[in-house]
Amino acid sequence: RFPTDGFLLLALLLYAPVGLCLLVLRLFIGVHVFLVSCALPDSVLRRFIVRVMCSVLGLFVRQSDPRLRDVNVRVYIANHVTQFDHNVINLLTSCNTPALNGAPGFICWSRGFMELGVTGSRAELVDSLKVYSSHRGNPPLLLFPEEAATNGRAGLLRFSSWPFSILDVVQPVALQVQRPLITVSVADSSWITELLWTFFVPFTVYQVRWMPSVPRRAEELSEDFALRVQELLAMELGVVSTRLTAADKAEHMKRLRHTSLLPFAPASSQPLAARPRMPSSLAGVAPEDVRITAMAQRVKEVLPHVPLEVIRRDLAQTTCVDTTIANLLEGRIPFFPESKEAGTDLRAPSTSQAAAASGIQGSIAVPSSKPATKQFAKSPVERHLSLQERKQALYDYARR
C-alpha cells in the first residue's frame, strides 16, 4: 500500500498528521452524508446533494461523454477497482448492484447493495435478475463481471458469463481511480480499511467513461459475448484482457500468505538441532534459489525425463510444484526429454508416479513396475488388465 519511492514516502510521513485530522473530521461528516442519502428519495436532487457532500470527503467523480449513456439499456457492465465503485456510479445515474457475497442485513443495505434473497446457484440469480429487469420501473443493473477488485493498471480479470445471460444489450462503463501517496486498491483489504484510507488521503478521483451500448450478435453464446465486451473495455482502459479469474486471484493470495509464513516457521517451531541441514552445495545461495531448487527436485522426481533447467525456469514464474507439473504434462512448456543416464543421480520415481505420468502423457515412455504393452493386445482380458492398471496408477497419483 505504501510507496516505494523515498521522496513519496517522506511526503507521506510529513502529511500523516494532516491526514489523521482529516480522517477524524471526515468520519463525522460521513455519518451526515449517510443519513442524508437515506432520508432523501432517489432523484436528481439527491444525487447532486450527496455528490457535493462527497467532495468534502475527498471523493471527486468525473464523467466523460454522458450523452452516450443509453436510457433504454437495463444492464451496465463495469470493471471493478474499489469496493465503492457502485456507490460512485450511483452518484451519476440511478442503478442497483445485487449483493453476491456476504450475509444480507443492515451492513449490506447500508453499503448500497440490492438484496434479492437468492442464496442458491448462479442460475437462480440470473432468473431473479431477469424478473427484476422485466419491470420497466426498476433502475438498471450495475454488474461487475470480474467478481473481484484489481488495481486497474495491469489488466482485466476474465469476465463471468452470467451477467451477459440476463439481457441481449449491455452498456460498458470504464472506471479509473487515482489518488496521491497511497495505492488505490490492495488485495485482501476489507471495505472498512479502504474507507478509512479514503478519508485519510487528500482526495480520490473517480473517472467514469460511458461507452456505446453493445448488442448480442445472432446466435452468440454468453461466453463469447462476455469475451467481446471484455476486449472492448480493455482497449478503452489501455490494459490487458487476461484469462485469469477471481478464483485464480483468491488462490494466488492464498499462496502468498502461505509462502510469507514459511521462512519464520522453522525458527519458531523447531529447535536448532532439529532443523534440516542445508547441503554444502547450496551454501551461500539465496533462500529463494534454495526454495526453487528444492521444488525443482520434487518435480524431477515425478517427471525424471524433463530437464532440470526447464523445471527451474517455470518454477521461477509459477512458484508452485503442482502448477509446473501440470504445465509440463499438458505440453504448455516445450522441452527435449533427457535420457535415462542424465537422471541417474536422482531418486527413481515410484511406480504410481511413473505410471501416472505415462498415462497422462502417452508420448513419453516412463519406466514402471510392469512394462506397458506396445501393441494392441489380442485378448480382451489383457486389454482390460492394462486399463485397470493405468486407472489405478492415476488414482494413486491423484490421492498423492
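The values are calculated or read from the model by the stated rules, or taken from the named source; none is laboratory data. Owing to the predicted nature of the structure, the values given are computational and were not obtained by experimental measurement. Quick reminder, even Gly has a Cβ in these numbers, built from the backbone with ideal geometry, and neighbours come from all protein chains shown. Each accessible area value is taken on the protein alone, full model and side chains, heavy atoms only, with ligands, DNA and RNA left out. Shrake-Rupley method; radii C 1.70, N 1.55, O 1.52, S 1.80 Å.
Give the residue, chosen from Arg26, Arg46, that is surrounded by 16 or more Cβ atoms within 10 Å (Cβ to Cβ), among the basic types (Lys, Arg), in the same structural domain as Thr204 (by the TED database) and closer than 20 Å to Leu181 by Cβ. If you could, list the steps in order and put the result at the bottom.
Values: Arg46 fails: closer than 20 Å to Leu181 by Cβ.
Exactly one residue qualifies, and that residue is Arg26.
State all residues of the stretch 192-226 that are farther than 23 Å from Asp168 by Cα and either assigned to a loop (DSSP other than H, G, I, E, B) or outside the structural domain of Cys108 (by the TED database) (or both); if no residue qualifies, say none. Once the filter is applied, which keeps residues that are farther than 23 Å from Asp168 by Cα and either assigned to a loop (DSSP other than H, G, I, E, B) or outside the structural domain of Cys108 (by the TED database) (or both), the stretch 192-226 yields Val201, Pro202, Phe203. The residue of the stretch 190-218 that is least open to solvent (accessible area, probe 1.4 Å), among those that are basic (Lys, Arg) and more than 24 Å from the chain's Cα centre (by Cα), is Arg216. Considering the stretch 49-64, and only residues there that are open to solvent by 60 Å² or more (accessible area, probe 1.4 Å) and part of a helix (DSSP H, G or I), the residue that is farthest from Asn96 (Cα to Cα) turns out to be Val56.
With respect to (1) in a loop (DSSP other than H, G, I, E, B); (2) farther than 22 Å from Arg1 by Cβ; (3) of a type in the set (Gly, Ala, Ser), the lone exception for Ala174 is condition (1). When the stretch 227-255 is filtered for residues that are more than 11 Å from Leu156 (Cβ to Cβ) and open to solvent by less than 30 Å² (accessible area, probe 1.4 Å), only Ala246 remains.
For the stretch 27-54, give me the residue count where each residue is out of contact with any Cys (no Cβ under 7 Å at 6 or more places or on another chain) and either touching a residue at least 24 places away in the same chain (Cβ under 8 Å) or under 14 Å from Asn87 (Cβ atoms) (or both). Full working, then the answer.
Initially, the stretch 27-54 is screened for residues out of contact with any Cys (no Cβ under 7 Å at 6 or more places or on another chain), giving 27-32, 34-54.
Narrowing further to those that are either touching a residue at least 24 places away in the same chain (Cβ under 8 Å) or under 14 Å from Asn87 (Cβ atoms) (or both): 27, 29-30, 34, 36-38, 42, 46-47, 50-51, 53-54.
Residues meeting the conditions: 14.
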